[in-house]
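Asks: Below: one structure in structure tokens.
The numbers here are math on the coordinates, done by the rules we state, and not lab data. None of these values were measured; they are calculated from a predicted model. Backbone-built Cβ (ideal geometry, glycine too); neighbour counts: all protein chains shown.
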């Protein structure tokens, strides 16, 4: 009861003092010129809050502005303070730069469970935004019982601390440089001994990566980021060096990979063979072919080459991406909310309810009137790997020495 009372008093004091947050709910007593400065800086440096942190609160007392919160953008903080000083305000700077100094040198990490759930806020009840696979390198930005992390697609979310092993630069570089085994089976287990009847260590899914410690009796001996030793059947994985140097990435390999997920159920935020949302499906298919794309459909729609489909589907090639959603009007912008992979002959594969094939052809048994009506655009990834926001495991900075 006392704790609840203290929280209520604190909330009242904050509201009374006048707090501005960067979702544009401004305090009444904050001058318009200050609101304008904050809006300008946020729009310049943090137009997409999925990839950067700009959590700002401002408390005003006479000619003093106290800045609270945190940001991952040093330039944004510097420009904000500079502009506010130009307005003749005294600044009390409690606006922290991330990674938070309280982390010390443990500002890197690696996912330690088969599939880690990454959420919007510090709570198991919070919306799941995405997932990350075992062995994925991340950057740790902040700790608040959970870790605020950034994944190789630059997505920023919160993850329970039990799913991540924090590392310093030396440990992180050692993990990235080590020989690894990539799990290629969509589902499986590792074992305490090179014996399928021995105790399981954990489940694994396709795309998981474990450090290779050798081979023994038809198994790969592997180690986890936390040091656990286990054995993975050779039939369930392959050395990373072979995996990343497979045949040239092409439409056939992408479509073939997508077809192996047929029937897998849809789950909001899902991005593994267990369950996946529409963009999670596309990301997994591409990742298993060595390509790292942005996380969400609305981000994928603006990378690669834009393909003209205004007069039909003749310009499309298998492996292209299709984007669906709300069309632009005079009053509102286009809004992309769904993505699929084109497989040819006016057909596409996507995760909607479950992974399945649909068609734009009214004479086809898989005709999808609903998605035909909301088709917005198409994009091409193949031929554009290495351009902005389309990377590979060989080129993505998270997998490189720091």
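Asks: Per DSSP H run of n ≥ 4, the term is -39500 (n - 2.57); total these for the chain, divide by its residue number, and report the mean residue ellipticity at 222 nm rounded to 500 deg cm²/dmol. Show your work: numbers first, answer last.
Replies: Working: 9 runs with 85 residues, N = 402.
So the calculated ellipticity at 222 nm is -6000 deg cm²/dmol.
Asks: While we're here: Can you tell me the relative contact order of segment 178-243? Whole percent, Cα pairs under 8 Å, sequence separation 6 or more. Show your work: numbers first, answer last.
Replies: Numbers: 149 pairs, mean separation 25.8, N = 66.
Contact order relative to length: 39 percent.
Asks: What ranking do 204-216, 116-128 get when scored by the average of other Cβ atoms within 10 Å per residue, highest first?
Replies: 204-216, 116-128
Asks: Then there's this: Mind checking which of 324, 313, 348 has the largest fluctuation in a GNM of the chain, springs on alpha carbons under 10 Å?
Replies: 313
Asks: Also, I was wondering about something else. Multiplying the sequence separation of residue 235 and residue 161 by 0.36 nm and subtracting their Cα-Cα distance, what value in nm do you get?
Replies: Working: separation 74, 0.36 × 74 = 26.64 nm, distance 3.16 nm.
Going from the current span to full extension adds 23.5 nm.
Asks: Okay, moving on. Of [x] 40, 30, 19; [y] 31, 26, 20; [z] 50, 21, 20, which one was derived for semi-axes √(5λ) of the Cα gyration tensor in Å from the structure shown?
Replies: Checking each listed value against the structure points to [x].
Asks: What is the calculated FRET efficiency for residue 333 to residue 39, with r their C-beta to C-beta distance and R₀ = 22 Å, to the nearest 0.05?
Replies: For residue 333 and residue 39, the calculated efficiency is 0.75.
Asks: Would you mind calculating the relative contact order of segment 328-402 from Cα pairs under 8 angstrom and at least 6 residues apart, reporting the percent as a whole number?
Replies: On the way: 55 pairs, mean separation 9.2, N = 75.
Computed value for segment 328-402: 12 percent relative contact order.
Asks: Among DSSP beta bridges whose residues both lie in segment 274-402, state the antiparallel percentage, nearest 5. Don't skip to the answer; put the middle values down first.
Replies: Details: 24 of 25 bridges.
About 95 percent, rounded to the nearest 5.
Asks: Taking every DSSP beta bridge that has both residues in the chain, what percent is antiparallel when rounded to the nearest 5?
Replies: That works out to approximately 90 percent antiparallel.
Asks: Could you work out how far the C-alpha centroid of segment 252-298 sits from that of segment 332-401, in angstrom?
Replies: 10 Å
Asks: Ranked highest first by average number of other Cβ atoms within 10 Å, how do 145-157, 370-382 line up?
Replies: My ranking of the peptides, most packed first, is 145-157, 370-382.
Asks: Another one. Determine, from the Cβ-Cβ distance of residue 179 and residue 125 and an R0 of 45 Å, the FRET efficiency 1/(1 + (r/R0)^6), rounded to the nearest 0.05.
Replies: Calculated value: 0.70.
Asks: Moving on to the next point. For segment 251-392, what relative contact order do you get, as a whole percent, if you take Cα pairs closer than 8 Å and at least 6 residues apart?
Replies: 28 percent
Asks: At a 10 angstrom cut-off on C-beta neighbours, averaged per residue, how do the peptides 162-172, 337-347 rank from highest to lowest? Don't jump to the answer; show the numbers that get you there.
Replies: Details: 162-172: 18.1, 337-347: 20.5.
Result, highest mean Cβ count within 10 Å first: 337-347, 162-172.
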